[in-house]
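Trainee: Pasting in a structure now, in structure tokens, and then I'll have a few things to ask.
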Amino acid sequence: MRTSNAPSLVKRVQAHPLLWPVVTLVLILMVNASLNPGFWMLQWRDGHLYGSVIDILNRAAPLMLVSLGMTLVIATRGIDISVGATVAISAAVAALMVGGKLVITDGVAQHVSRFPMGLAIVCALLTALACGLWNGVLVAKIGLQPIIATLIRMVAGRGVAQLLTDGQIVTVYYPPYFFIGSGYLWGLPFALFIAGFVYLLMHLAVTRTALGLFIQAIGINPAAARVAGVRERLISICVYAFCGLTAGIAGLIISPNATSADGNNNRNQKE
């Protein structure tokens with residue numbers, strides 16, 4: 001039995017779609033470690049881990065989130081080049097609502113949010129979700145090519161972000177807001193937990209429900225999927241909305257890291 005199972009296990013590993021991405025990642029890490037002897041060095045300071053790997057994971061969290069949403073869009077034969085504009089809009093909305101004006105109470109100066117931080121986060125995410133829905137409607141309902149539809153919103157999103165910030169850098173001084181992008185939980189960056197949670201939800205949705213099969217069917221042949229009873233248009237709209245939502249979450253991570261929102265620079269970081 002062992003002899004017969006060994007070849008099948010090797011074949012399964014070789015056929016796994018993650019094999020070569022993992023091999024490539026290992027090679028990159030090996031090259032980095034050879035060029036930088038302290039690449040894997042970790043230190044525990046101020047209640048959390050320090051090191052190059054931790055910094056990479058922290059800075060990569062927004063890219064992870066955007067990649068998760070883009071993965072589903074690409075799986076449906078689409079593309080979204082407006083995620084950078086969504087990042088900028090989400091960051092601008094949150095920064096404008098949080099702000100952090102200085103208030104002196106009993107001789108003690110402290111920064112107070114203009115609106116409750118929870119409300120600001122919800123509004124920023126709803127705005128990002130609306131941006132994704134707009135893309136989905138243009139693609140699935142109007143019938144525009146994905147690159148054209150998202151190009152429209154990318155250009156429009158630049159103007160919206162600049163309009164919201166009045167062309168200025170909106171600074172944030174509210175300390176609780178900083179925890180989203182630069183806080184730590186159990187010694188690891190909090191942003192990494194956000195990206196992991198979103199990945200877990202997406203993984204369960206596409207592997208434990210029929211959604212993953214429907215998305216693959218749309219990507220292979222949208223017309224055949226529609227004839228088979230798959231609600232191709234609705235699923236496509238939802239996929240673009242999810243992509244916008246993940247870009248909005250990325251904006252909420254980038255904005256606290258920079259303690260500001262810039263309608264120009266935040267956009268360029270993603271595009």
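The values are calculated or read from the model by the stated rules, or taken from the named source; none is laboratory data. Remember, it's a predicted structure, so these values are computed and weren't measured experimentally. Cβ coordinates were reconstructed from backbone atoms using ideal geometry, including for glycine residues, and neighbour counts include every protein chain displayed. The area values use the complete protein model at the heavy-atom level, side chains included, leaving out ligands, DNA and RNA. Shrake-Rupley method; radii C 1.70, N 1.55, O 1.52, S 1.80 Å.
Trainee: Give me the percent of the accessible area of the chain that comes from carbon and sulfur atoms, probe 1.4 Å, all protein chains in place.
Mentor: Details: 10340 of 15060 Å².
Reported share for carbon and sulfur atoms: 69 percent.
Trainee: What fraction, in whole percent, of alpha-carbon pairs in region 1-92 exceed 19 Å separation?
Mentor: Tail of P(r) above 19 Å: 66 percent of Cα pairs.
Trainee: If amide H atoms are built 1.01 Å from N in the plane of the peptide, which residues on other chains or at least 5 residues away come under 5 Å of the amide H of TYR184?
Mentor: Amide H neighbours of TYR184: PHE190.
Trainee: Same structure, new question: Kyte-Doolittle cut-off -1.0, length cut-off 30 Å along the helix's own axis using Cα: show which whole DSSP H helices in the chain pass.
Mentor: Helices passing the filter in the chain: 52-75, 232-258.
Trainee: Right, next: With every protein chain present, what accessible area does ILE79 have (1.4 Å probe, heavy atoms only), rounded to the nearest 10 Å²?
Mentor: Spelled out: ILE79, probe radius 1.4 Å, area about 60 Å².
Trainee: Tell me, which longest segment in the chain has none of the chymotrypsin sites (Phe, Trp or Tyr not before Pro) that fall in DSSP loops with at most 15 further Cβ atoms within 10 Å?
Mentor: It works out to 41-185.
Trainee: What percentage of all Cα-Cα pairs in the chain are separated by more than 25 Å?
Mentor: That tail contains 55 percent of the Cα-Cα pairs.
Trainee: How many percent of all Cα-Cα pairs in region 133-228 sit more than 17 Å apart?
Mentor: Cα-Cα pairs in region 133-228 separated by more than 17 Å: 74 percent.
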